[in-house]
Amino acid sequence: MEKQKVAVIGAGSWGTALAMVLADNGHEVRLWSHKEEQAEEINERHTNAKYLPGIDLPLNIKGYSSLEEALNSSSNIIILAVPTKAIREVTGKIDKAAQAPLTIVHVSKGIEPNSLLRISEMIEEEMSAELLKDVVVLSGPSHAEEVSLRHPTTVTVSSENSESAELIQDLFINQNFRVYTNPDIIGVEIGGALKNIIALAAGMTDGLGYGDNAKAALITRGLAEIARLGTKMGANPLTFSGLAGIGDLIVTCTSVHSRNWRAGNLLGKGHNLEEVLETMGMVVEGVRTTKAAYQLAEKYEVSMPIAHALYNVLFNNVEVHDAVDGLMNRMKKHEMEDLVNIMEARIQE
């Protein structure tokens, strides 16, 4: 495709790794950070040592600490790579600085507590209608550390506008970074957000020393919870068998690169939540999303025992060991019951 000037808003590990993919494809990339010293490091040393240590950045990535300058003369495509809790604030600033209708590609994974909005819905609330052309979601099994090393990675993009999804597919795709499209934006966002909860729980079982059997069961039953809720919210259940579902769930629940797994692992080893978050030093999206998932389960009257147990650990001071044991001692149930209920719901629609 024709080379673009693309603004990547958010210079954390994931934003920087995606900036590298775009730069490898020959695009001119403007990488915005809210820290002036980080933007200077990107320009002078061509590194982002805090988030991607040991990685040299392509020369066609330029760092900016001014949002207005990052957006000025860029194409009408913006990659939004900030934590969920910062989406509203940063999107509001983009709305004030933008001069033409934008296609915003968000790459974060979360749900806002209380409002229970997905990220695309938050963006739509904060952006003026005349300045927002489309919202596209990029999700799937992808650790920034491996993407920055140009290891083979496959993701999916989704939008209500198929042309916008295909545009972003063409923008990113290369020999190392394969991109599929999926029209189910609800399922892609729900899968990406809720897998972080299951990853926290998986880390907890590893921290307790429970082994692979327990983790495999947790991942499998976690997928059932995600599909139950997602389908009730309007998602296509088949999405959860793809990259944004089981693919992202596996990589986040089993890798030491996963912040959520690492946080859960520390919780399982006896550290409290405050200690864990301080030790991590980066956003652990699953903590905030657990609260939203608990609220969504109540709103839609969906059984989500893993999310419920994790909520009690994080916010009600229930011991990790007791929560996991409680999950293992639940009432007996037929394994296929969830699948039957989901398929019946789809047929009724």
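Readers should treat all values here as calculations from the given coordinates under stated rules, not as data from a laboratory. In this text the structure is predicted, and so the values were computed from the model without any measurement. We place every Cβ from the backbone using ideal geometry, glycine too, and count neighbours over all the protein chains shown.
Some observations on this one:
- Thr47-Tyr300 pseudo-label distance in nm [points 7 Å out on the Cα-to-Cβ vector]: 4.5
- Working from the Cα coordinates of the range 15-69, the gyration tensor eigenvalues give, after taking √(5λ), semi-axes of 16, 14, 9 Å in decreasing order.
- Using alpha-carbon coordinates, inclination of helix 259-268 to the longest axis of the chain, degrees: 30
- A Förster distance of 41 Å, applied to the separation of the beta-carbon atoms of Asp170 and Asn114, puts the FRET efficiency at 0.65.
- Where Rh is the Kirkwood radius over Cα pairs, Rg/Rh for the range 250-293: 0.94
- Once the Cα-Cα distance is subtracted from the 0.36 nm per residue extended length, the Ala216 to Glu160 segment shows a gain of 16.8 nm.
- Degrees separating the helix 13-24 axis from the principal Cα axis of the chain, which is the longest one: 50
- The lysines whose alpha-carbon is closer than 16 Å to the alpha-carbon of Lys35, local same-chain residues fewer than 8 away aside, are Lys50, Lys62, Lys93.
- Ascending count of other beta-carbon atoms within 10 Å, so fewest first, for Ser75, Ser241, Ser258: Ser241, Ser75, Ser258
- Span per principal axis, largest first, for the Cα atoms of the chain (Å): 60, 46, 36
- Shape summary of the range 191-348, radius of gyration then Dmax from alpha carbon positions: 14.8, 48 Å.
- The calculated Kirkwood hydrodynamic radius for the range 57-139 is 13.3 Å, given to one decimal from all distinct C-alpha pairs.
- Dimensionless Rg over Rh [the range 89-185; C-alpha; Kirkwood]: 0.99
- Principal-axis tilt of helix 87-97 within the chain, Cα atoms, nearest 10 degrees: 20
- In the range 5-181, taking the dipole from charged Cβ atoms about the Cα centre, the farthest positive-side position among Leu131, Leu67, Ala17 is held by Ala17.
- Full extension of the chain between Met1 and Ser255 gives 88.0 nm of extra length, using 0.36 nm per residue less the Cα-Cα distance.
- Residues His321 and Ala129, FRET efficiency given R0 of 56 Å [Cβ-Cβ distance, rounded to 0.05]: 0.65
- Magnitude of the charge dipole, the chain, Cβ model with Lys/Arg +1 and Asp/Glu -1, debye to 20: 500
- P(r) weight above 23 Å for the range 5-181, C-alpha pairs, percent: 35
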